[in-house]
1. Which of the numbered conditions does G198 fail, given that it passes all the others? Conditions: (1) of a type outside the set (A, V, I, L, M, F, W, C); (2) touching a Pro at 6+ places or on another chain (Cβ under 8 Å); (3) under 18 Å from P20 (Cβ atoms).
2. For region 142-238, list the helices (runs of 4 or more DSSP H) that sit wholly inside it and hold at least 2 residues that are in contact with an Asp or Glu (Cβ under 8 Å, 6 or more places away or on another chain) and at pLDDT 90 or above; which are they?
3. Could you list, in sequence order, all residues of region 213-262 that are among the hydrophobic types (A, V, I, L, M, F, W, C), buried (at least 19 other Cβ atoms within 10 Å of the Cβ) and touching a helix residue (DSSP H, G or I) at 6+ places or on another chain (Cβ under 7 Å)?
4. Need pairs with beta-carbon distance below 7 Å; first residue in contact (Cβ under 8 Å) with a residue 12 or more places away in the chain and within region 44-58, second surrounded by fewer than 16 Cβ atoms within 10 Å (Cβ to Cβ) and outside any strand (DSSP E or B); sequence gap 6+ or separate chains.
5. Looking for whichever is farther than 20 Å from Q41 by Cα and either modelled with pLDDT under 95 or not in a loop (DSSP other than H, G, I, E, B) (or both) here; the options are V129, V99. Which one fits?
6. Could you tell me how many of the residues in region 12-41 are crowded, with 18+ Cβ neighbours inside 10 Å and either aliphatic (A, V, I, L, M) or not in a helix (DSSP H, G or I) (or both)?
Amino acid sequence: MPATPAISLESGESMLAKGPEELNRFMASTLEPAISSEMPQLEVRYKNLSVTADITITEDVTAKSELPTLFNTVAKAFARVSPMRRVVRKEIIKNASGVFKPGTITLVLGQPGSGKSALMKMLSGQFPVESNITVEGEITYNGVAQNEIIKCVPQFVEYVPQTDRHFATLTTRETLEYAHTFVGGGLVEKGAETFAKGSVEENLAALEAAKAYYKNYPDIVIGQLGLQDCENTVIGNALVRGVSGGERKRVTTGEMEFGMKYVSLMDEISTGLDSAATYDIICTQRNIAKTLHKAVAISLLQPAPELASTSSPLVA
């Protein structure tokens, strides 16, 4: 019979009783013997990456002309085919190179409009490359070029967007449970094949831990992000009263945690959060990166000194 686990697997609350750091260490130490290796890892590299956009503009660029009125919309449509149109090339990312390594957390710093969001969308395969967009350079995942696996990139690289988009009438718990069911609810079914390289006891312990983790994952995310007080409150929007802006941002962060993702790219997650909440989230992500060998990159505008000290490298 396998030894009694160091952490109770009865519920999400009991699994977090000793804190998220201890839970992550327990999961890593339990799963790795059964897969006969460390947790799966993914290294993201980008070299000489440049992104430019050809933008059509007119001479009449004023505050009034930019209002979303019917007249301005029609005028802009005619401007695109008019011989008087002018096309300018805007640099979004210019000759950027870097690497996000497993087991590290990286802060990406820059002013608004400096290309932080564009970089993260490019690396997560979610940048809308249209006919007016030119992309140069290389992006690889464990040495494999992005264009060879572009359709699979979202399966192992998560992107936490800067904007919060949710179903306003769903509660916090319903939102996270929906994400869990839609993205990762069936992953444990493959557990018997995955956890088969250790002893019988190690394989059984790993399978039981994985089942408990995925069964209680919404509760674990709620506990890690401090959403217990609003788990039964609707998300809300401009017309429906719901959770606060900071709580909504944490829901956005938690929603993208589900699924077997090896890289986390988080875009301006501090929006609407106080420094203490931001610090807690970054510390949790740092522990996940260290214990589960995950690559984490977080873009921030003006991080406090204590936040900068929690990361390994900085990209500015």
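1. Going through the list (1) of a type outside the set (A, V, I, L, M, F, W, C); (2) touching a Pro at 6+ places or on another chain (Cβ under 8 Å); (3) under 18 Å from P20 (Cβ atoms), G198 breaks only (3).
2. The qualifying helices (runs of 4 or more DSSP H) are 172-183, 217-224.
3. Passing the criteria: I220, V221, I222, L225, L227, C230, I235, V243, V251, F258.
4. Going by the 7 Å Cβ cut-off, the qualifying pairs are A53/N132; D54/N132; T56/R80; T56/R85; T58/R85.
5. None of the other options fit; the residue is V129.
6. Qualifying residue count, region 12-41: 6.
Yes/no per residue for (1) hydrophobic (A, V, I, L, M, F, W, C); (2) over 30 Å from V240 (Cα atoms):
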| position | (1), (2) |
| --- | --- |
| F100 | yes, yes |
| G103 | no, yes |
| M120 | yes, yes |
| N132 | no, yes |
| L176 | yes, no |
| F195 | yes, yes |
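The values are calculated or read from the model by the stated rules, or taken from the named source; none is laboratory data. Quantities reported herein were computed from a predicted structural model and do not represent experimental measurements. Glycine also receives a Cβ, built like all others from the backbone with ideal geometry; neighbour counts cover every protein chain displayed.
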